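Everything below concerns the one structure shown next.
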Amino acid sequence: MVGAGFAGLTAARTLRSAGHSVLVIEADDRVGGRTKRGTIAGETVDLGGQWVGPAQARLLALAKAFGVAIYPQFTDGRNIVDLAGRRATYVGETPALSPVALAEFALAIGRFESLARRVPPLSPWDAPDAEVLDAQTMETWILANAKAPAVRSALRLLIRTLACVEAGDVSLLAMLAMASAAGGFNEMISTRGGAQDAMLRGGVWQLADRMAQELGPAVVLSAPVSAIAQDDHGVTVSSGDRQWRGQFVVITAPPAMAGRIAYAPPLPALRDGLSQRMPMGCVIKVHVAYGRPFWRAEGLTGMVLSDRTAFGPWFDHSPERGTTGGLVGFFAGKSAQQWAERSPGARRDKVLKDIALYFGDEALKPLDYVEEVWAASAWHRGGYAAAPGPGVLTGFGPALREPIGRIHWAGTETAEAFAGYIDGAIRSGESVAEAIARRL
Ligand SMILES: Cc1cc2nc3c(=O)[nH]c(=O)nc-3n(C[C@H](O)[C@H](O)[C@H](O)COP(=O)(O)OP(=O)(O)OC[C@H]3O[C@@H](n4cnc5c(N)ncnc54)[C@H](O)[C@@H]3O)c2cc1C
């Protein structure tokens, strides 16, 4: 296995439990990949993947197997929406827009959902009119399907938050495929009952640690795989001057990172083309701790959707027990690109000022602040997952999970359900383990 994220660790556990010998080779000095442990004001938090939805059965099963409980995202109160110069508060999942904008928003989401239902998650390139859908970006689709500035702004903000790229950078077909694999667009954007429904007590990162503990010395850290050579009898995986020999290799790093490995013989043109065309987007995740969750006293959930701020959206992330308060939020897409270049101090000031715009001056006096700039993280370099631009899935998609000789591909990007999510990573690890077991 190349990579000790949820995909690589799951594949290794599954193969080992079927009696096969496995090795997980990880570039970083820790396991977990796009999940990571952080600490803020003495509390443990997730610096990467965090939420789980009720339909994400594989992640829920893994949490249960390790005895890790889940608890709901705090949603008691009113959310704030501030789009196209109009600020309002609302309860529930549908942003409070003007009646005209709200009707248009519902219509646009309805159209998107019905297109998504026609896209097979495992082979979006087989969808009816796939080429037409893949020739458009989300931005061109938004311009064609929404007129009200607030609706356009809401849709852009949601795409940026879901894919960590601007709407103009991601293909319509790619977003439809993501929604199709996640049970719909509403599922992806919702807290209650959706993908942001709940969190794991103590953090999701600990499941990766627990899987790695089980695997023991079969997990090798701080070993960036630089080259993979295959012949008729097996594969040789190299990290600098260290080498390992096996029958098969599974690459769980996302395509952009997998493309940085040297392959002998070289990868076919289609697969290499795919690696060149599936960028990771850009995200900075931020946690802020306060002496108390003061927004709750105002009847607010802590959730803010705004096109006025560079930081956002953000959510309440106060510790389940105790009196301190916490918020978690993101810079995503272009604002993450821009703010990744600034100093941590400048980012902190910006985050606090953006929060204060809605929650008042108490927001300027946090107890603690912690952030993770994922685009600057050597082995991840980007957003939650790969975000293909126009023409990529129809042109190169079939190479996404097609094995090349003894090389198999896994990772959340290859998942048949919840691609882009931790649940998808687990599913991809299980699927690739089955595929390899059939060949052993
Ligand atoms: C900020 C953020 C927030 C997110 N929020 C959520 C969320 O709330 N819920 C959710 O379900 N998902 C979320 N995600 C997405 C989720 O974390 C990922 O989908 C999932 O963790 C991917 O797992 P993976 O095993 O497929 O890939 P990864 O976790 O990326 O694992 C691949 C591994 O390969 C390693 N690697 C790369 N190159 C090499 C090399 N050359 N040699 C050896 N090893 C290499 C990497 O270090 C990495 O450990 C979020 C992600 C981020 C970044």
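Under a GNM of the chain (C-alpha, springs under 10 Å), which listed residue has the highest mean-square fluctuation: S17, S238, S98? Among S17, S238, S98, the largest GNM mean-square fluctuation belongs to S17.
Taking the inverse of the average 1/r across all pairs of different Cα atoms in the stretch 269-408, what Kirkwood radius in Å do you get? One decimal place: 17.0 Å for the Kirkwood radius.
At full extension, A346 and V91 could sit 88.5 nm farther apart than now, given 0.36 nm per residue minus the alpha carbon distance. Taking Cβ atoms as reference points and 13 Å as the exclusive limit, the residues near V91 contribute a net charge of 0, counting Lys and Arg as +1 and Asp and Glu as -1.
Put simply, the Cα atoms of the stretch 351-425 extend 59, 25, 23 Å along their principal axes, the longest span coming first. Of interest is the spacing of the C-alpha centroids, which for the stretch 111-133 and the stretch 208-278 amounts to 31 Å. Computed over the chain, the alpha-carbon pair-distance distribution with 20 angstrom bins reads 26, 58, 16, 0, each value a whole percent. Comparing mean-square fluctuations of G382, G429, G259 from a GNM of the chain with C-alpha springs under 10 Å, the top value falls on G259.
Each part reduced to its alpha carbon centroid, the stretch 348-402 and the stretch 1-70 end up 20 Å apart. Over the chain, dividing the summed -39,500 (n - 2.57) contributions of all DSSP H runs of at least 4 residues by the number of residues returns a 222 nm mean residue ellipticity of -10000 deg cm²/dmol. Amide H to amide H distances under 5 Å link G291 with G325, L367, where only residues 5 or more positions off or on other chains count and H is placed in the peptide plane. Report the net charge of residues surrounding R260, where surrounding means a beta-carbon distance below 12 angstrom and charges are Lys +1, Arg +1, Asp -1, Glu -1. Around R260, the surrounding residues sum to 0. Based on C-alpha pairs under 8 angstrom that are at least 6 apart in sequence, the chain has a relative contact order of 25 percent.
Coordinate-derived values only; no laboratory data. What you see is a predicted model; the values in this text were computed from it and never measured. We place every Cβ from the backbone using ideal geometry, glycine too, and count neighbours over all the protein chains shown.
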